[in-house]
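Since the structure comes first, as structure tokens, the remarks are kept for the end.
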Amino acid sequence: MTVRLAVDALSGGYGKVRVVRDINVTVESGEVLAILGPNGAGKTTTLLTIAGMLARHAGTVTVDGQEMGSGDPVETNHNGVVLVPDDRALFQPLTVAEHLELACQKTKRNPRELLDVFPTLEKRWGVAAGNLSGGEQQMLALARGLAQNPRVLLIDEMSMGLAPIIVEHLLPVVRQAAAEHGAAVVLVEQHVSLALEVADHAMVIAHGEVVLHATAEELRKNEGALDAAYLG
């Protein structure tokens, strides 16, 4: 496989406040990396910095061998990096159809292709995003991300506010995006066991630093190492 996303010695934060330090990530085409860790550890900051939403304090972000500019989300998105944020960032008055039609403008995809992945949205096609359930909103946010044919798909806290049973149905889509489209997927997730079921490898961030990095299988078998990493 090809290295799709490479993050080297990344440090970042908000203004002059450094939140994460010396983050190194390599994700190949078709792989899923889960970023785990306690609240406030720096997981979301890491994702936002990779996406260009925050300027880097140090380090590089490279997609398919091309270095991304620091703090430039437009350039980063044009180079195939798509962020699904934890608040879903949906336009509440726009319908499901309108969201997907807008997302497909650049890729020229048929918006209805996304219904193959999220058939539940077909019955909600003409419904405004603000009238969808939490699970349906998350489906729409993911569908909008996939509509852009991402080379790198960043998903922040997909399970936020959702029942575990809904998350169980959504997580296989993450695996599908990697396997069928060759995307490199980085998933920030609080549901550790569910995330490890779909991830190839995972890392734990605590106090802004990577404290553990292993294959998902190794971490599933060694809960003690995970507990120790979370507790610092």
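The set of residues from region 53-69 being under 19 Å from VAL3 (Cβ atoms), without any contact (Cβ under 8 Å) to a residue 40 or more places away in the chain and touching a helix residue (DSSP H, G or I) at 6+ places or on another chain (Cβ under 9 Å) comprises just one member, MET68.
Name the single residue, out of those in region 172-185 being surrounded by 18 or more Cβ atoms within 10 Å (Cβ to Cβ) and more than 14 Å from LEU140 (Cα to Cα), that is modelled with the lowest pLDDT. My answer is ALA177.
Any chance you could count how many residues in region 76-113 are more than 18 Å from the chain's Cα centre (by Cα) and not in a loop (DSSP other than H, G, I, E, B)? Give the steps one after another, and end with the answer.
Step one: list which residues in region 76-113 are more than 18 Å from the chain's Cα centre (by Cα), which gives 91-102, 104-113.
Cutting the leftovers down to not in a loop (DSSP other than H, G, I, E, B) gives us 95-102, 111-113.
Residues in region 76-113 being more than 18 Å from the chain's Cα centre (by Cα) and not in a loop (DSSP other than H, G, I, E, B): 11 in total.
Conditions (1) farther than 20 Å from LEU114 by Cα; (2) in the same structural domain as GLY134 (by TED's automatic domain parsing); (3) surrounded by fewer than 18 Cβ atoms within 10 Å (Cβ to Cβ), marked per residue:
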{"site": "THR45", "(1), (2), (3)": "yes, no, no"}
{"site": "THR49", "(1), (2), (3)": "yes, no, no"}
{"site": "GLY52", "(1), (2), (3)": "yes, no, no"}
{"site": "ARG56", "(1), (2), (3)": "yes, no, no"}
{"site": "GLY59", "(1), (2), (3)": "yes, no, no"}
{"site": "GLY65", "(1), (2), (3)": "yes, no, yes"}
{"site": "GLY71", "(1), (2), (3)": "yes, no, yes"}
{"site": "THR76", "(1), (2), (3)": "yes, no, no"}
{"site": "VAL96", "(1), (2), (3)": "no, yes, no"}
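Against the definition (over 22 Å from SER133 (Cβ atoms), in the same structural domain as ILE23 (by TED's automatic domain parsing) and under 14 Å from the mean Cα position of the chain (by Cα)), how does ARG175 come out, yes or no? Considered against the rule, which asks whether it is over 22 Å from SER133 (Cβ atoms), in the same structural domain as ILE23 (by TED's automatic domain parsing) and under 14 Å from the mean Cα position of the chain (by Cα), ARG175 comes out as yes. Look at (1) assigned by TED's automatic domain parsing to the domain that holds LEU226; (2) among the acidic types (Asp, Glu); (3) surrounded by fewer than 19 Cβ atoms within 10 Å (Cβ to Cβ) and you find that GLU31 fails only one, number (3).
I need the full set of residues from region 122-131 which are buried (at least 19 other Cβ atoms within 10 Å of the Cβ) and either among the charged types (D, E, K, R) or at pLDDT below 95 (or both), in order please. Listed by number, the list holds a single entry, ARG124. Of the residues VAL117, VAL152, VAL174, the single one that is farther than 18 Å from LEU187 by Cα and not acidic (Asp, Glu) is VAL117.
The values are calculated or read from the model by the stated rules, or taken from the named source; none is laboratory data. The model shown is predicted, which means the values in this text are computed figures rather than measured ones. Cβ: placed from backbone, ideal geometry, glycine included. Neighbour counts: every protein chain shown.
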